[in-house]
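Asks: Below you'll find the structure I mean.
The values are calculated or read from the model by the stated rules, or taken from the named source; none is laboratory data. Bear in mind that the values here come from a model prediction, so they are computed numbers and not experimental data. A quick note on method: Cβ atoms are made from the backbone with ideal geometry, for glycine too, and the neighbour counts reach across all protein chains shown. Note: accessible area is taken over every heavy atom of the protein model, side chains too, but ligands, DNA and RNA are not part of it. Shrake-Rupley method; radii C 1.70, N 1.55, O 1.52, S 1.80 Å.
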Amino acid sequence: MKPPSCIAVLGGTGFVGRALCERLTRHSPSTLLVVPTRRARHADALRPLPTADIRVADVHDDAALDTVLAGCDVVVNLVAILHGSARAFEQVHVRLPERLAAACARAGIARVVHVSALGVTDDPATAPSNYLRSKSAGEAVLRASPLALTLLRPSVMFGAEDRFMNLFASLQRFAPVVPLAGADARFQPVWVDDVAEAIVRCLARAEAIGQTFECAGPEVFTLAELVRLAGRWSGNEL
């Protein structure tokens, strides 16, 4: 596929977004990256990228979203929250995809890559949590639209600035014992740069349209094992 001339990266200032923007800059140095953010300082890490166009905008506002998408030919949606009320999950994971589908129709944009989460099912009613129910409902909204859509469902992501492993590393700095609920829960964590690379490849391949890809690392760990690893890597092993 021909590289897009302009990609809107919603959520581009976040953990995955920063990795993606850096990788897109290397893969497609002629592609403009439009990155909206509510607060300009959140985009400081992206300013050195030569093709990053940082715009202060609230993507939950239809008029602002229209402005962000004007002139773009592809959208990557990374906007998500891990914690919050049922109403907050609904706004971010369901209403924003609804707004995005409508805004893409107004802007004449067909191609969208949407990053969801591992464990999401096609039926929101079967999901065990507000997080997964809202993620599932957001996917359903986008699948029901005429978009040329690719869905990615990554597992827990880790990297230098992740919130998951770094949280446990920080706790072990101050507490000799970390109490765990669900210590035997199993995870298959994936490196954030691998997820970024998967998004780049989906953008480059027409056969990715209409597909859903689950992204997970090669090894399975219990939560207790991950906590011990976080302590070891940070020099605070229990």
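Asks: Treating only the Cβ of Lys, Arg, Asp and Glu as charged (+1, +1, -1, -1), what charge dipole size does the range 1-136 show about its Cα centre? Round to the nearest 20 debye.
Replies: 320
Asks: In terms of modelled amide H atoms, which long-range or inter-chain residues lie less than 5 Å from the amide H of Cys215?
Replies: Distant-sequence amide H within range of Cys215: Arg153, Ser155.
Asks: Given H placed on each backbone N at 1.01 Å, which residues far from Cys6 in sequence or on other chains put an amide H within less than 5 Å of it?
Replies: So Cys6 has HN proximity to Leu32, Asp73, Val74.
Asks: Compute the orientation-averaged projected area for the range 7-118 from the convex hull of its Cα atoms and round it to one decimal in nm².
Replies: For the range 7-118, the mean projected area of the Cα convex hull comes to 7.0 nm².
Asks: Here is a further query. Keeping the other protein chains in place, figure out the carbon and sulfur percent of the accessible area of the range 11-120, with a 1.4 Å probe.
Replies: Percent of accessible area from carbon and sulfur atoms in the range 11-120: 52.
Asks: Just for the Cα atoms in the range 1-42, what are the lengths along the principal axes, largest first, rounded to whole Å?
Replies: 32, 16, 13
Asks: Moving to a separate point now. Highest mean first, how do 57-69, 119-131, 87-99 rank when packing is the count of other Cβ atoms within 10 Å averaged over residues?
Replies: Top of the packing list down: 87-99, 57-69, 119-131.
Asks: Still on this structure, I have one more. By accessible area of protein heavy atoms, probe 1.4 Å, what ranking do Lys135, Lys2 get, highest first?
Replies: I get Lys2, Lys135, largest accessible area first.
Asks: Given 4 °C and 1.567 mPa s, compute D for the range 60-125 with the Stokes-Einstein relation, Rh being the Kirkwood radius over Cα pairs; round to the nearest whole µm²/s.
Replies: Estimated via Stokes-Einstein, D reaches 100 µm²/s.
Asks: Any idea of the accessible area per residue across the range 1-99, 1.4 Å probe, to the nearest Å²?
Replies: 48
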